[in-house]
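Undergrad: Here's a structure for you.
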């Protein structure tokens, strides 16, 4: 199925005889979920873009690259810095806006600017009964009724198939600087990142690339803005971290390459094993890392996001909660491999009941990406 | 304003319901004397009043859970109440409802600077959250005008914003987790001190659900390090249109001020008379605030004034010190008080695409003439969040209805140009019956489906958000 309009999509869902696998660009490879393929590529195109109002309305099947190009022509961008999964997962195809929104894909800047869902102003979708639904709109502030936009962000197509999403976009800053702190261990890295994020210098990224085959560990701290402001803040941060021997990188291309390395988890590309991501309190990062004893790690969000490379089939959740010890807070999600383990963390019973209740209401026949989330 | 008929059976059982609540709560936490429940008969939308059956003031999540269990078993509606500052009637009681006030739950439970969050009980006021962390130079970003009085519980229920959310976002962007009690007494934890989790974003849908999905008793909030400094500039223009264009140009230029506030002539005149802030005599006035170090502020203000000059401002006043900054903000911050002195007013908060500002302001002027009611505009221009204040005389027969009629027209206009009914105050009872202007039946149905899941008997905060006829069948079955 490849509907060309919302009405067509609604009809196809109403008439569906069995499960549907909803797919944007197919770059996150939804595994072996059963069902007929439902592609959103026909729901494509930029519907409205007002740079002066920082708003963009776009069809869900639109390739992300097309959106980024249009924004870049006006000196703007999606501030949440969505990851490109292709390198990590070995997939091809073109990431779409709908896939990004449905998975709430957010990159390093999430820690400062917010997640994909924070920038979604409105959605249109078709639920599992074939009902066409709109929620939110295209204005910056909107508390009119319940926020189904947030509910759709990260619902992975299990509550409805997105047809259109409105975003708040932001100006691309004129200048960027990245402080590189070389050779820190995990504990010192997390501490440095917390200090940076707790400084008044509006840090827009804090990540740690542990030492790999290619040399020493690098802890990265990013500031963005007008040129003089960036110079001032990177200088102040350099003073703050003087004992750690910071090197300031101001070349925009090199900064871009460094942060793409974090965003797309490049150190894990082409290496065998399963990949998990763990969302936790930054101050728990060291304890989490110790418990999971991964082959390789990458820390983003100041330590609040841990990417872990582990041998195939490892149950990371079991490692996080060894018998007789309290579970460390946060969530562990399978991104690659996982040997049939549930992709998402199971929820406590009363929360799971609410999630199941919502699924039952929005997709009573259970045909949208069944089994993907629960 | 139509409200559902109170359930006679519940009114008859008042004594028993109060007695059962007294069994599970401390004695002084259940208020049923007629004179005392009157304190809860309305919120800041004072035009509508109705004393509740009784009011309860639990002091912990456990007490909230126990009390809700009783109410659930008795089939009694519950109206959660923060500090009662809702401008939309978000905590207006019905005669057969129990008011659940969170005022006694105001403790700070945890502050964590390395991870940048604070965990509080939700009866705590917005400003006192910042108060708890400011000695370490941190702050909680959402800053509704009522921040001295309003409670975090209400902020979460309404997804409150404020002047500075252009840069920092609204409540939902600063809320990490909650402890919430469902109507049947079940306690759930959503989110936590970490960022995004894997499952459905239930926290995201709870925020802004106007107390209809559960009673939020504890919240984990993101705190931020204070910027080194902040400074406003005041720019006066000869017309609303030009001021609107200037706003758009500032945004397009890549400057992201923390606030861009807009006042039109009626508002400027009233504020000037009230606060004597020394505002220039002009048609429209912008207050633009930027943050950072001295040098950064200078860089940003330089760019902003450069853009403003292209629009031929009547006056451009940069604050040189804290005193002058204070005077620039003085008039704006006293806007509501100033209006209150002149007359009674209705305050709307429809949001529009920024590009539609001049058109909408022009139409509001025309509508104001048609209705023969004065409208003053003061609003967050950077994000298109209008605040038309409709002035009227409540003591004069028919004036409230007339003002409400004008308000409805203005809000319809907001929707027509691509905006929404409410940007930060919430729907409550005030905009309930206009919901079908913005949403089609299927859109409302999808929202009501969420309520069905969290509160199947539709007991929490009755008669808010959804048009009564849209929710009728559900409330009857319940």
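Throughout, read-outs are computed from the coordinates displayed, never taken from laboratory work. Because the structure is predicted, anything quoted here is derived from the model rather than measured. Cβ sites come from the backbone with ideal geometry, for glycine too, and all protein chains shown count toward neighbours.
Undergrad: Quick one: give the max-minus-min coordinate of the C-alpha atoms of the stretch B:320-478 along each principal axis, largest first, in Å.
TA: The principal-axis extents, from largest down, are 60, 41, 28 Å.
Undergrad: With the convex hull built on the Cα atoms of chain A, state its orientation-averaged projected area in nm².
TA: 18.5
Undergrad: When you take every Cα atom in the stretch A:87-161, what is the radius of gyration, and what is Dmax, the widest Cα pair distance, in Å?
TA: 13.5, 42
Undergrad: If each of residue B:136 and residue B:457 carries a label point 7 Å out from its Cα toward its Cβ, how far apart are those two points in nm?
TA: With each label placed 7 Å out from Cα toward Cβ, I get 4.2 nm.
Undergrad: What percentage of all Cα-Cα pairs in the stretch B:164-224 are separated by more than 13 Å?
TA: 62
Undergrad: Another question, then. Give me B:431, A:360 ranked fewest to most by other Cβ atoms within 10 Å of their Cβ, as a rough exposure proxy.
TA: Starting with the residue having the fewest Cβ neighbours, the order is A:360, B:431.
Undergrad: Given 5 Å bins starting at zero, what is the percent of C-alpha pairs of the stretch A:170-256 in each, up to the one with the largest pair distance?
TA: 3, 16, 27, 26, 17, 8, 3, 0
Undergrad: Please give the per residue volume of the convex hull enclosing the alpha carbon atoms of the stretch B:146-300, rounded to a whole number of Å³.
TA: It is 166 Å³ per residue.
Undergrad: In bins 10 Å wide, starting from 0, what share of all Cα pairs of chain B does each bin hold, as a percent?
TA: 4, 20, 29, 26, 16, 5, 1, 0
Undergrad: For the stretch B:342-429, compute Rh as the Kirkwood radius over C-alpha pairs and then the Stokes-Einstein diffusion coefficient at 4 °C and 1.567 mPa s; write the answer in µm²/s, rounded to an integer.
TA: The Stokes-Einstein estimate is 100 µm²/s.
Undergrad: Volume per residue, Å³, of the convex hull around the alpha-carbon atoms of the stretch A:5-137?
TA: Convex hull volume per residue, Cα atoms: 114 Å³.
Undergrad: I've got another one for you. What average count of beta carbons from other chains do you get within 10 Å of the Cβ of residues in B:131-138?
TA: 1
Undergrad: Could you tell me the calculated FRET efficiency between residue B:396 and residue A:374, based on Cβ-Cβ distance and R0 = 45 angstrom, to the nearest 0.05?
TA: 0.20
Undergrad: Taking a label point 7 Å from the Cα of residue A:365 along the Cα→Cβ vector, which residues of the stretch A:1-23 have an amide N closer than 13 Å to it?
TA: Taking a point 7 Å out along Cα→Cβ of residue A:365, the residues of the stretch A:1-23 whose backbone N falls under 13 Å are A:10-21.
Undergrad: Using the count of nearby Cβ atoms within 10 Å as a rough guide to exposure, how do B:140, A:232 rank from fewest to most?
TA: Fewest to most other Cβ atoms nearby, the residues stand as A:232, B:140.
Undergrad: Shifting gears a bit: For peptide A:326-338, how many partner chain Cβ atoms fall within 10 Å of a residue's Cβ, on average?
TA: 2
Undergrad: Using the Kirkwood formula on the Cα atoms of the stretch B:228-268, what hydrodynamic radius do you get, in angstrom to one decimal?
TA: Answer for the stretch B:228-268: a Kirkwood hydrodynamic radius of 11.6 Å.
Undergrad: Go from 0 up to the bin containing the longest alpha carbon distance in the stretch B:236-379, width 10 Å each, and give me the % of pairs per bin.
TA: That works out to 11, 41, 36, 11, 1, in percent per bin.
Undergrad: What's the angle, to the nearest 10 degrees (0 to 90), between helix B:399-416's Cα axis and the longest principal axis of chain B?
TA: 70
Undergrad: Using only the Cα atoms of the stretch A:13-80, each taken as one equal point scatterer with no solvent, compute I(q) by the Debye sum, divide by I(0), and report log10 of the ratio at q = 0.21, 0.26, 0.28 Å⁻¹.
TA: -0.90, -1.14, -1.24
Undergrad: Determine the distance separating the Cα centre of the stretch B:344-377 from the Cα centre of the stretch A:173-225; give it in Å without decimals.
TA: So the separation of the two Cα centres works out to 48 Å.
Undergrad: log₁₀ I(q)/I(0) of the stretch A:266-336 at q = 0.22 Å⁻¹, via Debye over equal Cα point scatterers, no solvent, to two decimals?
TA: One equal scatterer on each Cα of the stretch A:266-336 leads to -0.91.
Undergrad: So, in nm, how far is label residue B:404 from label residue A:327 when the simple model puts each one 7 Å beyond its Cα toward the Cβ?
TA: Result for the modelled spin labels: 4.9 nm.
Undergrad: Treating each Cα of the stretch B:432-477 as an identical point scatterer and ignoring solvent, apply the Debye formula and state log10 I(q)/I(0) at q = 0.26, 0.32 Å⁻¹.
TA: So the normalised log intensities work out to -1.00, -1.39.
Undergrad: Angle between the Cα long axis of helix A:349-362 and the longest principal axis of chain A, 0 to 90 degrees, nearest 10?
TA: Here the helix axis deviates by roughly 50 degrees.
Undergrad: Got a sec? How would A:240, A:83 order by Cβ neighbour count within 10 Å, fewest to most?
TA: Final ranking by Cβ density, sparse to dense: A:240, A:83.
Undergrad: For the stretch B:222-321, just the Cα set please: Rg and Dmax, both in angstrom.
TA: Cα-based Rg and Dmax for the stretch B:222-321 come out at 13.8, 41 Å.
Undergrad: Semi-axes of the protein assembly as shown's equivalent ellipsoid from the Cα gyration tensor, sqrt of 5 times each eigenvalue, largest first, rounded to whole Å?
TA: 40, 34, 27
Undergrad: Mind pulling the angle between the C-alpha long axis of helix A:252-263 and the longest principal axis of chain A? Nearest 10 degrees, somewhere in 0 to 90.
TA: Its long axis makes an angle of about 60 degrees.
Undergrad: Can I ask one more? Give me the distance in nm between label points sitting 7 Å out from Cα along the Cα-to-Cβ direction at residue A:2 and residue B:112, one decimal.
TA: 4.7
Undergrad: Assuming R0 = 35 Å, what is the FRET efficiency of residue A:353 and residue A:312, from their Cβ-Cβ distance, to the nearest 0.05?
TA: Efficiency computed from Cβ-Cβ geometry: 0.60.
Undergrad: Same structure again: To the nearest Å, what is the center-to-center distance of the stretch B:442-477 and the stretch B:177-254, using C-alpha atoms only?
TA: Using only Cα atoms, the two centres lie 25 Å from each other.
Undergrad: Further question: Beyond 15 Å, how much of the Cα-Cα pair distribution for the stretch B:387-474 remains, as a whole percent?
TA: More than 15 Å apart: 64 percent of the Cα pairs in the stretch B:387-474.
Undergrad: Once fully extended, how much extra length lies between residue B:316 and residue B:370, figured as 0.36 nm per residue of separation less the alpha-carbon to alpha-carbon distance?
TA: 16.0 nm
Undergrad: Tell me the volume per residue, in Å³, of the convex hull enclosing the alpha carbons of the stretch A:91-237.
TA: Output value, Cα hull per residue: 165 Å³.
Undergrad: Now for a separate question. Mean projection of the alpha-carbon convex hull of the stretch B:8-101 over all orientations, in nm²?
TA: Projected over every direction and averaged, the Cα hull of the stretch B:8-101 covers 5.6 nm².
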